[in-house]
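Presented below is the structure to which this report refers.
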Amino acid sequence: MRIALISDIHANALALRAVLADIKNIGVDQVFNLGDILYGPLWPRETFDLLQTINAITIQGNQDREIYEAMPSELEQRPILSFTIEDLRADGVAWLKGLPKTMLVGDVFLCHGTPQSDVVYLLENVQSGLPSVRDDAQIQTLLAGCHAPVVVCGHTHTPRLVRLASGQIVVNPGSIGLPAYDDELPLRHRMQSYSPDASYAIIEKTGAGWATALRRVPYDFVATAKKARELGSVGARAWAGCLETGRVSG
């Protein structure tokens, strides 16, 4: 069984097309989409339409939830959120709302953040402002009794494979659509991949266990950054810088 893991597309249809072409070239049995799918100053509706053409098992992320939970007062203060909802239209928002938050598929448990939360990082500690990998005991505590042989997550936009003392592996495929960002919660920190390429992963069950390949795919990130800047907001301009460099500027 060969599975493609995609996550954190963030409305980046150009990057998604490049990754789907790479997946087709490799050949897989199934695609798992780990959330944060359509939020962003890029192509929410186009990304939604593209995803309807593939047979992917999909869960929602925290920023998918923010779309369907958005209050009118938030839309005035968050231009990217307002743009996303307007471009996506009602059926796209309803699709997000109907997605499960977690799922178990055979030996693989899917979550966006952790099994219990879509906003907590499963693998990374960011108390220093920069990410470091949590120790084994902390990760197993956050798994909250999830004993699936393979746990796959997104949210941090950071490609990573961690093997636990329990024998479980945890795989984060990184982000297809946004290679860097900064956030103020739980405290100010930066997540950076240092490359503008789209990121995803392949996992495959073999006789010796689960093999993992973390893949980077080039695409037209210059055109994508230009699209982000068209929105004109401070947040969209920062987004464009991250798309171009895989780094947070400033």
Original post:
Which residues, counting only those in region 149-169, are crowded, with 18+ Cβ neighbours inside 10 Å, part of a loop (DSSP other than H, G, I, E, B) and either out of contact with any Cys (no Cβ under 8 Å at 6 or more places or on another chain) or at pLDDT below 95 (or both)?
Top reply: G154, H155, T156, H157, T158, P159, Q168
Original post:
Which ones in region 175-227 are aliphatic (A, V, I, L, M), closer than 30 Å to M1 by Cα, assigned to a loop (DSSP other than H, G, I, E, B) and open to solvent by 40 Å² or more (accessible area, probe 1.4 Å)?
Top reply: A208
Subject >> strands (runs of 3 or more DSSP E) (entirely within region 1-115) containing at least 3 residues that are touching a Pro at 6+ places or on another chain (Cβ under 6 Å) >> reply: none
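Residues are listed down the side, and each one gets a yes or a no for (1) within 25 Å of E204 (Cα to Cα); (2) touching a residue at least 60 places away in the same chain (Cβ under 8 Å):
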| position | (1), (2) |
| --- | --- |
| M103 | yes, no |
| G106 | yes, yes |
| C111 | yes, yes |
| V120 | no, no |
| D136 | yes, no |
| Q140 | yes, no |
| V152 | yes, yes |
Original post:
Only one of these conditions is not met by G145: (1) at pLDDT below 95; (2) on the phi > 0 side of the Ramachandran plot; (3) buried (at least 18 other Cβ atoms within 10 Å of the Cβ). Which number is it?
Top reply: (3)
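This table checks each residue for (1) farther than 16 Å from G246 by Cα; (2) of a type in the set (D, E); (3) more than 9 Å from the chain's Cα centre (by Cα).
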| site | (1), (2), (3) |
| --- | --- |
| A148 | yes, no, yes |
| V152 | yes, no, yes |
| P159 | no, no, yes |
| V171 | yes, no, yes |
| L178 | no, no, no |
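Would you point out the residue of region 131-142, among those that are outside any loop (DSSP other than H, G, I, E, B) and over 13 Å from M191 (Cα atoms), that is least open to solvent (accessible area, probe 1.4 Å)?
I139
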Subject >> region 224-235 residues that are under 13 Å from T84 (Cα atoms), paired with ones that are small (G, A, S) and in a helix (DSSP H, G or I) (beta carbon under 7 Å, 6 or more apart) >> reply: A228/A236; A228/A240
Original post:
From the set of residues in region 87-130 that are open to solvent by 20 Å² or more (accessible area, probe 1.4 Å) and of a type in the set (S, T, Y), which is farthest from D64 (Cα to Cα)?
Top reply: S128
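The values are calculated or read from the model by the stated rules, or taken from the named source; none is laboratory data. None of the values given here were measured: they were computed from a predicted structure. No Cβ is skipped: glycine too gets one built from the backbone with ideal geometry, and neighbour counts run over all protein chains shown. These area figures cover heavy atoms from the full protein model, side chains too; ligands, DNA and RNA do not enter into them. Shrake-Rupley method; radii C 1.70, N 1.55, O 1.52, S 1.80 Å.
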